[in-house]
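Below you'll find the structure, written out as structure tokens, and then a few comments.
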Amino acid sequence: MKALLLVDLQNDFMPGGALAAKDGDQIIPLVNALVHAPFDLIVATKDWHPANHGSFADNYGKKVGEHVKLAGIDQILWPRHCVQGTHGSEFAKGWDTSAIDKTVYKGTDPDIDSYSTFFDNGSLKSTGLENYLREHAVDEIYVAGLTTEYCVKYSVIDALELGFKPYVIVDACRGVNLEPHDADKALALMSQAGAQLVKFNDLMSQMMTTET
Ligand code: VGL
Ligand code: ZN
């Protein structure tokens, strides 16, 4: 079974948002096509932080990009983003969300961050995504969304460790690139770790012509 995993397509990661991925809005038309391709399951994720979340620089009076320890783990500090119930946390404008089967929420614990859509950054608490995919006999996970070098990358690495086959739809992802090329490096790392990198056009033509 094939699942489409759409990561953090939320206003705050879009141009003009609090933690924008450059050109993040350019993936919306691709995602709107993907949701009509014959995937068996479509899962969306939301970064869903409480206002007192420990990844927000302003909760410490520190600057974005500084580091703290959170749950004993190195944590880079972000601008306040994707606060539960705010406009920034809503699904991005222009995205057809009607075909989503399930939405998975992450980053809800103020005391630990969660880049992966499977587990928090300490690999302790599960979001429930793994069980949901197993209940639906999913083996292949096609990943698109934001941001390439954080939530996409950590989700893909966990998917590999859990024994799923992840495919990264490279042109339907965008990064934040705190350092130039961070997103490209993340793609290379995912590929080396065993993920397949696919292009939107190739995937679409393949899915629309093969009976599954
Ligand atoms: C993300 C940084 C902080 C992401 C979430 O969705 O990639 N990045 N929170
Ligand atoms: Zn976040």
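The values are calculated or read from the model by the stated rules, or taken from the named source; none is laboratory data. Source: prediction; values computed, not measured. Cβ placement follows ideal geometry from the backbone for every residue including glycine, while neighbour counts extend to all protein chains displayed. Surface areas here come from the heavy atoms of the whole protein model, side chains and all, with no ligands, DNA or RNA. Shrake-Rupley method; radii C 1.70, N 1.55, O 1.52, S 1.80 Å.
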For His67, solvent-accessible area (1.4 Å; no DNA, RNA or ligand), Å²: 100 Å²
State the extension gain, in nm to one decimal, for the chain segment bounded by Val64 and Met208, taking 0.36 nm per residue of separation less the distance between their alpha-carbons. 47.5 nm
What percent does the relative contact order of segment 1-48 come to when contacts are Cα pairs within less than 8 Å and at least six residues apart? 55 percent
How about Lys22: which aspartates and glutamates have a C-alpha closer than 19 Å to its C-alpha, ignoring those fewer than 8 places off in the same chain? Asp8, Asp12, Asp47, Glu90, Glu149, Asp171, Glu179, Asp182, Asp184
Per residue of the chain, what 222 nm ellipticity follows from adding -39500 (n - 2.57) for every DSSP H run with n ≥ 4, rounded to the nearest 500? -6000 deg cm²/dmol
Which pairs in the list Lys62/Lys165; Lys63/Lys125; Lys69/Lys93 are over 30 Å apart, alpha-carbon to alpha-carbon? Lys62/Lys165; Lys69/Lys93
Could you calculate the contour length gain from Asp23 to His136, that is, 0.36 nm times the residue separation minus the distance between their Cα atoms, to one decimal place in nm? 37.4 nm
Could you run the Debye sum over the Cα atoms of the chain, one equal point scatterer each and no solvent, and tell me log10 of I(q)/I(0) at q = 0.08, 0.10, 0.11 Å⁻¹, two decimals? -0.25, -0.39, -0.47
Taking R0 as 22 Å, what FRET efficiency do you get between Thr103 and Lys165 from their Cβ-Cβ distance, rounded to the nearest 0.05? 0.45
Counting DSSP beta bridges with both ends in the chain, the antiparallel % (nearest 5): 20 percent
Protection proxy ranking of 91-97, 58-64 - average other beta-carbon atoms within 10 Å, highest first: 91-97, 58-64
